[in-house]
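Since the structure comes first, as structure tokens, the remarks are kept for the end.
The values are calculated or read from the model by the stated rules, or taken from the named source; none is laboratory data. Only a predicted model underlies this, so the values are computations on that prediction, with no experimental measurement involved. No Cβ is skipped: glycine too gets one built from the backbone with ideal geometry, and neighbour counts run over all protein chains shown. For the accessible areas, the whole protein counts, side chains as well, though only heavy atoms, and no ligand, DNA or RNA atoms are used. Shrake-Rupley method; radii C 1.70, N 1.55, O 1.52, S 1.80 Å.
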Amino acid sequence: MAPPAPSHRRSAAFTCCTAVVLSGWLSGCATAPLNRAGSLHDYADLKPSDGLVTRSLLKVSREDVLAAKTVRIVPTAFPDPEGRAPLTATQRSLVTNAADRTLCYGLSERFRVVSAAEPADLTVRAVITHVTPTNTVAVGLSKGAFVAKTVLLPGVPVPIPRIPIGLGSLSLEAEATDDRGNQKAAMIWGRGATALDPGRAAEEGDAYGLAASFGDDFSKMLVMGKTPFGGLLSPPSVNALMAALGHAPKYPACEAFGRLPGLVGLIGDGIGLPPGWTDEGAKYRVPRTDQGTVTQ
């Protein structure tokens, strides 16, 4: 049998090396503490419930949450009382809005989302308690490796993970209260970016993506009345698919947080553009005065 062509040998060697590197880099993950900022009404009875890469403490009153029909969202807070947050005001706004928008779209799967001026069975509030900015130089090097692979091995489906240096992280705490202010669900959530997360060349890049992950997890907890971790994955609904393409949300109240960037956003994520280049953010911002601390 004739030996494989040089191009085939090169592809096989590259694939093998990539698999070895990938197995090591999968363990590389930024850490996010489960901070308590004091914004929750009650911290008692929170139980650990972790996902594959997410850590959380949570509790949920299943019967009360499943009985609720309407929900409103108070814009996520990103306190910076001493002016020491590692992100600018514009960057923080993009991160908090990513959480709010995903919360609104996710909660729309079962609840009717209402505006701040309307009564609701549940009110959702979240506060960012920790953020680690993304190292933009490391992201640039990772994207450079992807381009190099595309040029040298066109058509070869080899994943190119990020360099596991300078990965960002995010922590939040959130709760849902009834119309009397009684806590019906609460979560302290933390997650760090991994080498397989899409890298964006912006300090808020990882926090932006992680904020959306939080919104997805918290909304699922309220929709199902139980932990969002450990179950089987379900296919996205038609509403979720339409929203991902930038179409109007199911309920007008969600328009306050703007629409998802759609195909432009997906392309931007793929090539590592800063979130602000493709995401127009919130249409307007409801002021809030929650207190708390944010640590690096």
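I'd like to know if region 16-37 contains one or more residues that are aromatic (Phe, Trp, Tyr), assigned to a helix (DSSP H, G or I) and either at pLDDT 90 or above or surrounded by 13 or more Cβ atoms within 10 Å (Cβ to Cβ) (or both). Within region 16-37 (the criterion being aromatic (Phe, Trp, Tyr), assigned to a helix (DSSP H, G or I) and either at pLDDT 90 or above or surrounded by 13 or more Cβ atoms within 10 Å (Cβ to Cβ) (or both)), the answer is yes, since at least one residue qualifies. Of the residues that sit in region 225-258 and are farther than 26 Å from GLU175 by Cβ and among the small types (Gly, Ala, Ser), which one is modelled with the highest pLDDT? Ranking the qualifying residues of region 225-258, first place goes to ALA248. Of the set (1) assigned to a strand (DSSP E or B); (2) open to solvent by 30 Å² or more (accessible area, probe 1.4 Å), all apply to GLY190 but (2).
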